[in-house]
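The values are calculated or read from the model by the stated rules, or taken from the named source; none is laboratory data. Just so it is clear, the structure is predicted and the values come from calculations on it, not from any experiment. Don't worry about glycine lacking a Cβ; one is built from the backbone with ideal geometry, like all the others, and counts go over all protein chains shown. Please note that ligands, DNA and RNA were not included when accessible areas were found on the heavy atoms of the full protein model with its side chains. Shrake-Rupley method; radii C 1.70, N 1.55, O 1.52, S 1.80 Å.
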Amino acid sequence: MDNPSKGQELIERLLEIIDKILQLRINARRAIKKAQAKLEETFNKKEVKFQKGDLVLYFDKALAARHDVKFINKWKGPYEISHVLDKGTYKLTIDGNLIKETVNGIF
């Protein structure tokens, strides 16, 4: 910083960078909002609605969480949907026998 002109150049360069920061933040916010909208659209497309009488497979999460049953099939069924309930839940039957618990069809 012995030379005053170099110091002035450095200050001018820093001011240029500071001026660009605001535009970079605005661009970043736009990109984030666009990416989030795309993710939301993709997530909403995956929703599947089942109807009474459809045959479905049931994924056993408890069995999948265990590490000692690595090669055991974690899908059970086919089950038949006997009742369609609110918020993506269903009652299932297998071989005409109603299963006591409700099943969440979204996850």
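Some observations on this one:
- Criterion violated by I94 - all others in (1) open to solvent by 90 Å² or more (accessible area, probe 1.4 Å); (2) over 29 Å from K45 (Cβ atoms) satisfied: (1)
- For the residues E80, E12, the requirement of being open to solvent by less than 100 Å² (accessible area, probe 1.4 Å), out of contact with any strand residue (DSSP E or B) (no Cβ under 9 Å at 6 or more places or on another chain), among the charged types (D, E, K, R) and modelled with pLDDT of 90 or more singles out E12.
- Among (1) among the basic types (K, R); (2) surrounded by 10 or more Cβ atoms within 10 Å (Cβ to Cβ); (3) within 23 Å of the chain's Cα centre (by Cα); (4) closer than 28 Å to G105 by Cβ, the one test that K52 misses: (3)
- Listed by first and then second residue, the pairs linking a residue in region 32-54 that is of a type in the set (D, E) to a residue that is part of a helix (DSSP H, G or I), with Cβ atoms under 8 Å apart and 6 or more places separating them unless they lie on different chains, are E47/G88.
- Residue within region 56-77 that is aliphatic (A, V, I, L, M), open to solvent by 100 Å² or more (accessible area, probe 1.4 Å) and in contact with a Pro (Cβ under 7 Å, 6 or more places away or on another chain) present: yes
- Pair list, Cβ under 8 Å, 6 or more apart: region 78-103 residue within 14 Å of K49 (Cα to Cα), other residue open to solvent by 90 Å² or more (accessible area, probe 1.4 Å) and of a type in the set (S, T, N, Q): I81/Q51; V84/Q51
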